[in-house]
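Taking it in order: structure first as C-alpha cells, then the write-up.
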Amino acid sequence: MFTMRVSPFGKKRLLVLYVDRDGDISNVTGIEAPIIGREANLKAAIDFILKVPEEADANALFAAIKLYDELLKEGFECELATVAGVREGGVKADMKIAEEVDKILERHNADGIVFVSDGASDERVVPILQARVPIVSIKRVLVKQMRQLEDTYSLFVKYWKDLVENPRYSLYLLGLPGTFLIILAILVTIGYAHYAGIALLLIMGLTMIVKGFNLDKRLSYGWSTAPVLFFGSFIAAMVLIVALYLGASAVVSTVNKEPFLANAFNIGVLAGIFLINPKSYDPIAYDITTIDLIVIATVIVIIARGLHKHLSGGQKIWHEAVSATFCLLLRQPLIEMSLLLLDPRRSPIVFATWTAATVIIAVTLTAFFIVYERLKR
C-alpha cells in the first residue's frame, strides 16, 4: 500500500522519480536520460519491455507511471521523470544521476520526491536526492516470479550469462579459477602438486591486495596518463624486489654459518649484511650489493619522471638531474655505513668524508641551477 504524507499547509508538488542506477533503460532503448513526462516515460517503458521483456526495470517504470496517475487522481500536483546512471555503477553512476536530478528540478520545482526503484542497489542514491529535495515516500517494485522448474532454469541461465559476460564478475568466476587451474597443471607436471594449496592462497591474497588497494585502477590510470613513468616504475620495482631478495638471502646464509648473530644485540650487523651482501662475515668481501640495486631502482624512477616531465613540456628538469646525481653519490656513504655496522671498530672518518662530499656536491649543484634560473629570467 502506498501512503503519502501531506503538509499542514496543503498538498505538495511532487516528483515521481524512477531511478535506473545501472542505466539499462537508456542503453537498451537509446533514449537519453533524464526522461521527463508521462508520454516520454510510457514510450520508453513500452520500447524497453518489448526488447527485454524479462527485465524488472520495465515493470518498475510501469509501476512509476501507475503511481503518477493515481497521485493525479487524488489531486496532487506532480511530475514524472526517470534518471539513469551508467552500467559500471559506483561514483560515475551517482554523479550522473545527481546531474540529471538537478536538470529536472530546474524545470519542475518540487516540494518532495516519491522515489520508485526495483531493488536495494538503486536506493543507494537516496542520500543524493535528500540533499536536494525531501523524499516523502519510497516505493520498491518487486517482480513476481513463477516457481516452476522451467522458469527457475531460465532465470538461472540469464544470471549465469550476466556473470560470464559482465567483466566485473567474470574476473572472479572465470579468470581466477582459470589461473589456478593452469598453475595446478604446471605443478602437477613438474611433480609439485602438494604446493597447490599454497598457490591458491597466493592467488587469493594477491587478488585481495589488488582490489583492496585499487591497484588495478591506479595502474590503468598511471599507464594511460604517464606511460614512461609507469614503465620506469615497473622496472624499478623488479630491481627492488631482486635487491630485497639478495639482502634477505645474505642474512639467512650468514646466520646459518654464524648462528651467534641471530639475536637482537646483533641487529646492526644483520642490517649491514642485508645492505652490503658480504661473501663472508670476516673478512669482508662483496661484489654487487643491495645498496647498488636500491640506488639503481631509484635512479630509474627519477630518470623516468624526468622524461615524463620533458615530454609533457614541464620545466625544471634539473630537479631530476640533481636527484639522480645525489642518489649515485649516496651509494658510497651507504657502503661505508654498512661497513661500520659490520665492524664498529672501523674508523668513521671515511664515512664522514664521503657523507660531507655528497652533501656539498648536491647543495652546490642545487645552488648553481637556482642561480642559473634567476639569471636566465
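The values are calculated or read from the model by the stated rules, or taken from the named source; none is laboratory data. A quick note: this is a predicted structure, and the numbers were derived from the prediction, not measured. As a convention, Cβ positions derive from the backbone with ideal geometry for all residues, glycine included, and neighbour counts pool all protein chains shown.
Details
- Remark: pairs (first residue in segment 348-367, at negative phi; second residue of a type in the set (Ser, Thr, Tyr) and assigned to a helix (DSSP H, G or I); Cβ separation under 9 Å; 6+ apart in sequence or on different chains) = Ile361/Thr325; Ala362/Ser323; Ala362/Thr325; Leu365/Thr325.
- Some residue of segment 55-71 being crowded, with 17+ Cβ neighbours inside 10 Å and farther than 15 Å from Val19 by Cα: yes
- Cβ-Cβ distances below 8 Å connect the following pairs, each with a first residue in segment 17-32 that is at pLDDT below 85, a second residue that is surrounded by fewer than 21 Cβ atoms within 10 Å (Cβ to Cβ) and among the polar types (S, T, N, Q), and a separation of six or more residues or different chains: Arg21/Ser121; Asp22/Ser121.
- Within segment 328-361, considering residues that are over 43 Å from the mean Cα position of the chain (by Cα) and hydroxyl-bearing (Ser, Thr, Tyr), the one surrounded by the most Cβ atoms within 10 Å (Cβ to Cβ): Thr353
- None of Ala98, Ala93 is at pLDDT 85 or above, small (Gly, Ala, Ser) and assigned by TED's automatic domain parsing to the domain that holds Tyr18 except Ala98.
- Test: Val143 is surrounded by 11 or more Cβ atoms within 10 Å (Cβ to Cβ), on the phi < 0 side of the Ramachandran plot and either in a helix (DSSP H, G or I) or modelled with pLDDT of 80 or more (or both): no
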